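Asker: Below is the structure I would like to discuss, written out as structure tokens.
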Amino acid sequence: MRLVSYDYGGSVRAGALVDDDSRIVDFVAAHEASGSGALPRGLGDILALIEGGAEAQARELIAKRPASSLVAIADVALRAPLQPPPQIRDCSCFEEHLRNCYEVARRFKVKDEPDPEAAYQAADRSDEDRVLRTFHKQPIYYKGNRFSVVGTGTDVQWPHYSKALDFELEFACYIGRATKDVSAEKAGDHIFGYSIYNDFSARDAQLRESGGGLGPAKGKDFDTGNVLGPCLVTADEIPDPYDLMMIARVNGEEWGRGNTRDMYWKFPDVIAHISQSETLHPGEILGSGTVGTGCGMEQLRYLRPGDVVELEIERIGLLRNRVVKA
């Protein structure tokens, strides 16, 4: 299933994309057309569906897709599949992204030196080495702001305190059931599905606060800064989630690409680590962190007001947002 939440007629509706993502089967309307009695809890809300309310019924309604339940995608505004989700954690799973960021930062610091290459070679790498040692030992992550989650097509509001706004191309998974102390070998069975994740970042704010040692704050914590979608693709629709092409474009120009196969830590590894003595609940979201070349900072390029960012992941779709200043 390709599950969506959308605004229509003043209410939030739940459904699934069909017909090459051109239309939505509205679950409530489809159930009413079937004359099957009381509405199962899981048909009116994607979180309830994940929690086990009515997945079988939803699949039946998608197969039948009565004409009265079909809504043109062009006539509605998609939200994030879960808005807000119960919890959101963003991890660091792509080593190439980390290495690229450190290299660019070093070259930027020495660009005005008399011999930039010599200064680059002599630059202190202790911070990079420390982070990479930790990265290789265990998955690392932070908890994001679940209330800043929005969907594809929503304008992203440029935080007024930043002059260096960036995007981040990420893969995301959704927890399917209560999970605690699970092994990496079994953790994959606890994944309900996948989305694209754009973790917008105010790089200048992130740099200012990084010395505090507590992880990102206002660098990533502002309204509309977490974008997920365009849909939630259930795990059965993606035979191999670790062989998916990922592409980032700004105003139609490709800025970066990668593949989910390059994740040093796969989602089962991350789930096994996080679930130690901690319960993960249905609907919680885990981000992969940025794929290598999947952001502007790796190229010392940043967004401008009015730019349109498009993130694409194979088998999931296209996440599209414009950045605007108030």
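Asker: Hey, among Gly287, Gly212, Gly296, which residue is more than 22 Å from Trp158 (Cα to Cα) and in the same structural domain as Tyr142 (by TED's automatic domain parsing)?
Answerer: Gly212
Asker: For the condition in the same structural domain as Glu310 (by TED's automatic domain parsing), loosely packed, with under 15 Cβ neighbours inside 10 Å and at pLDDT 85 or above, what is the one hit in Val156, Val150, Val104?
Answerer: Step by step, each of Val156, Val150, Val104 is checked, and only Val104 is in the same structural domain as Glu310 (by TED's automatic domain parsing), loosely packed, with under 15 Cβ neighbours inside 10 Å and at pLDDT 85 or above.
Asker: Give the number of residues within the stretch 60-75 that are among the β-branched types (Val, Ile, Thr) and part of a helix (DSSP H, G or I).
Answerer: 2
Asker: Condition first: touching a Ser or Thr at 6+ places or on another chain (Cβ under 9 Å) and surrounded by fewer than 18 Cβ atoms within 10 Å (Cβ to Cβ). Now tell me which residues in the stretch 74-100 satisfy that.
Answerer: Ala74, Ala77, Pro84, Glu96
Asker: Hey, another quick one. Identify, from the list Lys163, Lys143, Lys109, the residue that is assigned by TED's automatic domain parsing to the domain that holds Thr234 and farther than 30 Å from Arg320 by Cβ.
Answerer: Lys109 is the lone residue from the list that is assigned by TED's automatic domain parsing to the domain that holds Thr234 and farther than 30 Å from Arg320 by Cβ.
Asker: Specify the residue that is nearest to the chain's Cα centre (by Cα); the eligible residues are those in the stretch 10-34 that are under 24 Å from Ile316 (Cα atoms) and part of a loop (DSSP other than H, G, I, E, B).
Answerer: Asp21
Asker: Can I ask one more? Quick check on this structure: which one of Gly37, Gly52 is outside any strand (DSSP E or B) and touching a residue at least 40 places away in the same chain (Cβ under 8 Å)?
Answerer: Gly52
Asker: Of the numbered conditions (1) acidic (Asp, Glu); (2) within 23 Å of Val182 (Cα to Cα); (3) under 13 Å from the mean Cα position of the chain (by Cα), Glu312 fails exactly one; give the number of that condition.
Answerer: (2)
Asker: Let me ask something else. Residues Leu280, Leu311: which one is crowded, with 20+ Cβ neighbours inside 10 Å, of a type in the set (A, V, I, L, M, F, W, C) and out of contact with any helix residue (DSSP H, G or I) (no Cβ under 8 Å at 6 or more places or on another chain)?
Answerer: Testing whether each residue is crowded, with 20+ Cβ neighbours inside 10 Å, of a type in the set (A, V, I, L, M, F, W, C) and out of contact with any helix residue (DSSP H, G or I) (no Cβ under 8 Å at 6 or more places or on another chain) leaves just Leu311.
Asker: Failed condition for Leu43, given (1) surrounded by fewer than 17 Cβ atoms within 10 Å (Cβ to Cβ); (2) in contact with a His (Cβ under 9 Å, 6 or more places away or on another chain), with all others met?
Answerer: (1)
Asker: Do the conditions hold for Ala119, that is, is it in the same structural domain as Cys101 (by TED's automatic domain parsing), surrounded by 15 or more Cβ atoms within 10 Å (Cβ to Cβ), free of Cβ contacts under 8 Å to residues at least 24 places away in the same chain and more than 30 Å from Asp7 (Cα to Cα)?
Answerer: So Ala119 passes the test.
Asker: Sticking with this one: Only residues that are more than 30 Å from Met297 (Cβ to Cβ) and assigned to a strand (DSSP E or B): list them for the stretch 156-197, please.
Answerer: Thr179, Phe192
Asker: Would you point out the residue of the stretch 266-318, among those that are among the aliphatic types (A, V, I, L, M) and assigned to a loop (DSSP other than H, G, I, E, B), that is nearest to Lys143 (Cα to Cα)?
Answerer: The qualifying residue nearest to Lys143 (Cα to Cα) is Val291.
The values are calculated or read from the model by the stated rules, or taken from the named source; none is laboratory data. Quick caveat: nothing in here was measured; it's all calculated off a predicted structure. Reconstructed Cβ throughout: ideal geometry from the backbone, glycine too, with neighbour counts over all protein chains shown.
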